[in-house]
C-alpha cells in the first residue's frame, strides 16, 4: 500500500488530502501527488474553509463490493463518495472518495479521452458529491456539470460533456 498525505497552506487555509491505494498503479495513471493537487486546486477555487479529504484507489473487486453494499448495484463503478459532513476545530472533514483506476482507464479509452483528464474529472465529480452537489434532478445536474466543466477548463482539460 502506498500512502501520501499532502497539506497546502494558502491565504490561511489548510487543505489536507490523504491518498492511499490497495491496487497496483496502472501505466499512465496520475500519481498520488497529482491526485492531491487536483483536489486541493478545486477546494481553493471554491473558497472552501480548511478541509480534509481522503482518497482510496482500489481495484474492480473492491469498488464492486462497495457499490453493492452502499448502492445496491452489483458492478464495478468509476468513483464513489462517502460524505462525512462534519467540522472539528474549524476544519471541515469532507469524507472519502474511492476511485477505481481500471474502470476510469476503460472509460477514457471508450470515450476517446486522455486517462489523466478522465481521472481528474472523476475525482472532481467525487469531491463535488462530498460538498453536497448531486445530479439526481435536472437543475442540480446542470449546475454540477457546469461546475465540473469550469474546474476542468481551469486545469486546461477537456469538457467531458461534449
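Can you work out the PRE-style zone for residue 87? Point 7 Å along Cα to Cβ, and I want the residues of region 17-54 with backbone N under 19 Å.
Residues passing the 19 Å test: 17, 43-54.
If each DSSP helix of 4+ residues adds -39,500 (n - 2.57) and the sum is divided by the residues in the chain, what number results at 222 nm, nearest 500 deg cm²/dmol?
Calculated from helices alone, the mean residue ellipticity at 222 nm is -14000 deg cm²/dmol.
May I ask you to sort 135, 129, 15, 121 by Cβ crowding, counting other Cβ atoms within 10 Å and putting the fewest first?
135, 129, 15, 121
Springs between alpha-carbon pairs under 10 angstrom, Gaussian network model over the chain: which of 104, 88, 35 fluctuates most?
Sorting by GNM fluctuation, first place goes to 88.
If the chain between residue 70 and residue 49 were fully stretched, how many nm would it gain, using 0.36 nm times the residue separation less the Cα-Cα distance?
Gain in length upon complete extension: 4.7 nm.
Report the full-extension gain for the segment residue 153 to residue 31: residue separation times 0.36 nm, less the Cα-Cα distance, to one decimal in nm.
Length gained between residue 153 and residue 31: 41.9 nm.
Laboratory data are not the source of any read-out in this text; all were calculated from the coordinates shown. Not measured: the values here are computed from a predicted model. All Cβ positions, even for glycine, are placed from backbone atoms using ideal geometry, and neighbour counts span all protein chains on display.
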